[in-house]
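Since the structure comes first, as structure tokens, the remarks are kept for the end.
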């Protein structure tokens, strides 16, 4: 290895162990503090809860990859696994207490406070540790020297990340690229980047052999496979760590992940974010929140049903074919708001002053109350509370031919509300540009999905999303 002393280089596994011990300590300490605050005796049942919580959290944390390195990760990527692991632990503890019939042995106030306080302490502690390590890494003596082989777009993007994130503890020595040096001998700059091209690939290999590099990133396009293999073979007799940065972003990735099929590694290009535990969390969120909301709106739904029946002829509930997750066909439920129930190969969108809309239906559509029966679709597993709004099958078939990536919005279940709707892209899409903006927001939601984003969208829907001037 080189002369630089990377601060986390010999201690990364120790940092993971440090977090494991600190998490267990916070679980124990937070409950004891709360028992003191609420003057509750710390008897055997509470110690059993601590032991079970530490055991469950340790297992769940490993499934969430909580103790892997998060250097360079966004804040949400760093903290979300903590929340997910603790939510699963909490659900496990409640299930155990119910099955063992010992839930009455615990103070509900203490448990609720413990379930709330512990993840915040874990997150706060991680932020303190991350901030402290970031300060250490910002000093040159704690950085690792990096060379990027290949002055191509992915290499340029990597260089920008290194430059703009000093907490990574990486120091860029330069770009090394035979082709760029030959073609741009005078300027010797990587296109679109502030860094100069320091030399050829052979220069980088020599630096690695001289112990002057710690990491080498190979950022060639996928068509340069043979050259990549040659470079890797030449670097095998050095002590540097080698990373391959394939230019996969040419595919406009959607939740890409590395998956092994036996011994064969594969990379998904377009993938649903609800994978493994995340899928359980999303379904649990829909079941819990959906059940609560249905209980609250049962009487209003009955009154709306009576209103629909008294104000116009036809069925109370209108069922229309839509595309669900992965393009499977579902039937969504709505209170009928029109004199017609179109569901054929051609469906005309509702527009301003549409003669088909009943007077009571206009009120329902304006306030989104016509969508309430879709909570039944949520409990059936066909929809989610939050997700891209489903369009009629006829509209899907029309827009999938016009808008690139349109069908990517079906990588998740359709929702009652969504990121596009709370950002103003609701109602009639009478131009291609409006539909493109809606699709753009839907894909943003899929790329950035988290439980916290769902909660934000639900809160925005409650306060600003029910009434909309674009809803006809």
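Every read-out reported here was derived from the displayed coordinates using simple, explicitly stated rules and does not represent laboratory data. Everything numeric here is computed off the predicted structure, so don't read it as measured data. Ideal geometry is used to build each Cβ from the backbone, glycine not excepted, and the neighbour counts take in all protein chains shown.
Points worth noting:
- Structural descriptor for the range 406-455: relative contact order 45 percent, calculated from alpha carbon pairs under 8 angstrom and at least 6 residues apart.
- Length added when fully stretched, residue 319-residue 24, from 0.36 nm per residue minus Cα-Cα: 101.1 nm
- Label point at residue 294 placed 7 Å out along Cα→Cβ; residues across the range 382-401 whose backbone nitrogen lies under 11 Å: 382
- The calculated FRET efficiency for the pair residue 226 and residue 178, based on their C-beta separation and a Förster distance of 22 Å, comes to about 0.95.
- Estimated FRET transfer efficiency when R0 is 35 angstrom, pair residue 32-residue 98 (beta carbons, to 0.05): 0.90
- Projected label points at residue 59 and residue 241, each 7 Å from Cα along the beta carbon direction, are separated by 3.1 nanometres.
- The range 277-465 - Rg and Dmax from Cα coordinates, angstrom: 16.0, 47
- Multiplying the residue separation of residue 434 and residue 356 by 0.36 nm and subtracting their alpha-carbon distance yields 25.8 nm.
- Nearest-0.05 FRET efficiency for residue 161 and residue 209, computed from C-beta distance (R0 25 Å): 0.40
- Simple spin-label estimate for residue 107 and residue 129 gives 2.9 nm between the two label positions (7 Å along the Cα-to-Cβ direction from each Cα).
- Protection proxy ranking for 326-337, 92-103, using the average of other Cβ atoms within 10 Å per residue and placing the highest first: 326-337, 92-103.
- Taking 217, 243 and counting other C-beta atoms within 10 Å, the order from fewest to most: 243, 217
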